[in-house]
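The values are calculated or read from the model by the stated rules, or taken from the named source; none is laboratory data. Computed from a predicted model, the values in this text were never measured in an experiment. All Cβ positions, even for glycine, are placed from backbone atoms using ideal geometry, and neighbour counts span all protein chains on display.
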Amino acid sequence: MSIANINQCMESGMNSLERGDSRNQDCDQSVRGQLNRFTALATVLGSLFLLNGCATSVGEVAAWPVTNAEESALSGTVVDVLCELNGNCAENCGEGKRQLAIKTESLGTVLISKNLTNYSGAADELWPFCGELVEVNGLFTENKGIRFFQAQNIREPGGQWKQTTNYLQAWSNRTGQSRSLAEDWQYHDPRVKAIIERDGRLGLGTDADNDYFK
C-alpha cells in the first residue's frame, strides 16, 4: 500500500464515519497490515544502524546503507494514523503507543516509522508534538513497494534541530532502569526478557535453543 493508498483509505474512513457505517474496515485492516510491515522493516534498519554507527552532528542527516536511500525533509502536522483513518483517537496521540505520521501539503500523510536509536520507532519523538506543526529531516527508503521514512532530526518550524533520540529517556522512564542501559535497551527490557524466558531465543522453546546453541 503506497502513501497515496493510505490517504485514500483515510478519506474513505472519514466519509464512512459521516455516513455512520463501517465500510472502512477493509482499509483499516490494510493499514494495520502495512504498519506491521513497516515495523519489521524498522527492525532491519535498526540492525544496519548498529553496523554503520552513523554518528553525525545535530541537524545533519547520516547516510545509511539501505536500499534506494534518499535524503529528504518534511514539514506538516503530527497525526495519529488510526485517528485519521477511522476516528479511533487517543489522548496525546497515544503518548508513544501508536503509529504516528506527518500530514504534509505536498506528499499527503507520511508514516514516520524510525528514529535514530536502535530497534525503535519514532512515536516517542513525535507524540509530544501531537496536532502541531513540525519539521523533520532524514531518509526515505523503498523496498518492494514499501516506502519508509526515518526521521533523524526534528524541530518546531524555524526552531533548533534536535536529534530523534527521545526513545532512550522514554524507555528509562517506563522501565525504571538507568539511562545508560537504554543505549542497548534490547538486552535489558523486561518485556524482551520475559518473551525470551517463555519462548527461548529462537522463539521455538528452550529445547530448540538447547539443540541449536549447544
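Sort through SER120, SER113 and tell me the only one that's part of a loop (DSSP other than H, G, I, E, B) and touching a residue at least 60 places away in the same chain (Cβ under 8 Å).
Working: SER113 fails: part of a loop (DSSP other than H, G, I, E, B).
Of the residues listed, the single one that is part of a loop (DSSP other than H, G, I, E, B) and touching a residue at least 60 places away in the same chain (Cβ under 8 Å) is SER120.
Based on what the data block shows, is SER172 surrounded by 14 or more Cβ atoms within 10 Å (Cβ to Cβ) and of a type in the set (Ser, Thr, Tyr)?
Numbers: surrounded by 14 or more Cβ atoms within 10 Å (Cβ to Cβ): yes; of a type in the set (Ser, Thr, Tyr): yes.
So SER172 fits the description; yes.
Mind counting the residues in the stretch 150-183 that are assigned to a strand (DSSP E or B), within 16 Å of ILE102 (Cβ to Cβ) and not small (Gly, Ala, Ser)?
Counting residues in the stretch 150-183 that are assigned to a strand (DSSP E or B), within 16 Å of ILE102 (Cβ to Cβ) and not small (Gly, Ala, Ser) gives 6.
Looking for something outside any helix (DSSP H, G or I) and not assigned by TED's automatic domain parsing to the domain that holds ILE102 - is there at least one such residue anywhere in the stretch 184-199?
yes
If you go through the stretch 123-149 one residue at a time, how many are part of a strand (DSSP E or B) and over 11 Å from LEU74 (Cα atoms)?
Looking only at that region, the number is 7.
Has the stretch 74-84 got any residue that is of a type in the set (Gly, Ala, Ser) and loosely packed, with under 13 Cβ neighbours inside 10 Å?
The answer is no, given that none of the residues of the stretch 74-84 is of a type in the set (Gly, Ala, Ser) and loosely packed, with under 13 Cβ neighbours inside 10 Å.
What is the number of the single condition among (1) buried (at least 19 other Cβ atoms within 10 Å of the Cβ); (2) farther than 24 Å from GLU84 by Cα; (3) acidic (Asp, Glu) that GLU125 does not meet?
(2)
Out of the residues in the stretch 128-152 that are under 17 Å from LYS162 (Cα atoms) and of a type in the set (S, T, N, Q), which is surrounded by the most Cβ atoms within 10 Å (Cβ to Cβ)?
Checking each candidate, the answer is GLN150.
Would it be correct to say that LEU107 is within 29 Å of ASP189 (Cα to Cα) and outside the structural domain of HIS188 (by TED's automatic domain parsing)?
No.
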